[in-house]
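Working notes, structure below.
Values quoted throughout were computed directly from the atomic coordinates according to the rules given, and no laboratory measurement underlies them. In this text, all values refer to a predicted model and were calculated from it rather than measured experimentally. Neighbour counts run over all protein chains shown; Cβ positions are idealised from the backbone, glycine included.
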Amino acid sequence: MKRIVVIGNSAAGIAAVEAIREKDKTSPILVISREPYMPYRRNQLLDFVEGKIKEKDLYFRSQDFYKNNAIELMLEKEVVELNLNKKKVIFKERDFVEFDELLLTTGSSVKLPLMKGVQKDGVVAFHGLRDAKFLIENLPLAHTVVIVGSDAVSLELARIIAVKKIETKFFGILNEPLEGVDVVSDNSVMEILGDSDAKAVRLSNGKVIGASLVIFSSPSAPNIGFLKDTDVKTNHGIVVDEHFCTNIPFVYAAGDVCEFSGRVRNVDWQSAVQEGQMVGGFLCQI
Ligand SMILES: Cc1cc2nc3c(=O)[nH]c(=O)nc-3n(C[C@H](O)[C@H](O)[C@H](O)COP(=O)(O)OP(=O)(O)OC[C@H]3O[C@@H](n4cnc5c(N)ncnc54)[C@H](O)[C@@H]3O)c2cc1C
């Protein structure tokens, strides 16, 4: 019996283990996530911040799912390294688990830029449930929010915050005006100022503007840092073929962390689910 380890407990990872269990009821499966939460709909985080849905509505699988399908779950375990010769997944705490087949569904995330002051309280790289909860808790106390971003998520976040009647300054490109959002496209944020808390930002023209929260919400990049000392082929993400196989025979990848050579991949929830289903089906056959 082969031991399958899946890194990632979200759209692609869950779809994959469901597809595996449809045909293979017995192979040991371990799912790992660095987050402390049961799987949640990342694609609905903005609705949560806006107050349209409650936290409980985000969760799409419960403890029973793992129990009923004999799937082991490890939460709050960050993978920092792989040893492919010994087929080991190594955690931040230096403990490890072994595998026969390894599926990588680590998605992507927004990283804080290398900028003076980014470690201050009140500065967020918005990507997950922890960040959404932080905003829900802190937005009512904020007088001015600075958002640095360029994608649809950044714009929507700006709109949601402005609707709450909080002064919202958006550093990015906006094709059409957004009510209540002050768009700054001729200057960028260079430094976060304050003691331990963010209080203001310094712009590229030297001007300082007050900010109680500073949110970086794009660009996001595939979570591949733990592959740095391996031979797994990466470009922007992990390069896979039509079966989601990497260049290493027993390593697979699906969802936002992967990319196809010569074909564009859609970055959305449904694509991650479909890819998870496909790679799960493929893993049962080998
Ligand atoms: C704010 C926001 C809004 C969005 N809105 C939409 C939308 O409206 N519609 C839409 O279709 N899509 C939307 N998306 C995109 C969609 O959520 C993603 O495409 C989808 O979540 C990708 O799923 P995934 O399984 O590939 O990865 P993810 O959902 O990113 O999950 C990655 C998993 O890997 C784990 N992980 C990562 N690194 C490690 C590590 N080193 N060690 C252990 N575990 C690790 C994480 O904890 C997580 O469990 C949105 C995304 C965001 C962030």
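Separation of region 219-286 and region 1-80 by C-alpha centroid, Å? Computed from Cα coordinates, the inter-centre distance equals 17 Å. Net charge of the neighbourhood of Leu155, taken over other residues with C-beta under 14 Å away and scored Lys/Arg +1, Asp/Glu -1, is -4. Proximity of backbone amide H atoms, modeled 1.01 Å from N, is registered between Arg3 and Asp100, Glu101 at under 5 Å, excluding neighbours fewer than 5 places apart on the same chain. Other residues with beta-carbon under 14 Å from the beta-carbon of Val201 carry, at +1 per Lys or Arg and -1 per Asp or Glu, a net charge of +2.
Checking the cross-link pairs Lys54/Lys199; Lys133/Lys207; Lys56/Lys88; Lys133/Lys164; Lys164/Lys199 against a 26 Å limit on the alpha carbon distance flags Lys54/Lys199; Lys133/Lys207; Lys56/Lys88 as lying beyond it.
Taking every C-alpha pair closer than 8 Å and separated by at least 6 residues, the mean separation divided by the residue count of the chain gives a relative contact order of 23 percent. Phi-derived couplings, Karplus 6.51 cos²θ - 1.76 cosθ + 1.60 at θ = phi - 60°, listed residue by residue for region 244-250: 6, 7, 8, 6, 9, x, 10 Hz, with x used for Gly and Pro. Under 22 Å Cα to Cα from Lys87, which lysines show up? Leave out anything in the same chain fewer than 8 places away. Cross-link targets: Lys2, Lys77, Lys228, Lys233. Taking the DSSP bridge list for the chain and keeping only pairs wholly inside it, about 35 percent are antiparallel. Return the inverse of the average 1/r over all pairs of distinct C-alpha atoms in the chain, which is the Kirkwood hydrodynamic radius, in Å to one decimal. After inverting the pairwise mean of 1/r, the radius is 20.2 Å. Using C-alpha pairs below 8 Å separated by at least 6 residues, the relative contact order for region 169-208 is 29 percent. Counting pairwise Cα distances across region 19-109, what percent come out greater than 17 angstrom? That tail contains 60 percent of the Cα-Cα pairs.
Counting Lys and Arg as +1 and Asp and Glu as -1 over every other residue whose Cβ lies under 10 Å from the Cβ of Thr246, the net charge comes to -1.
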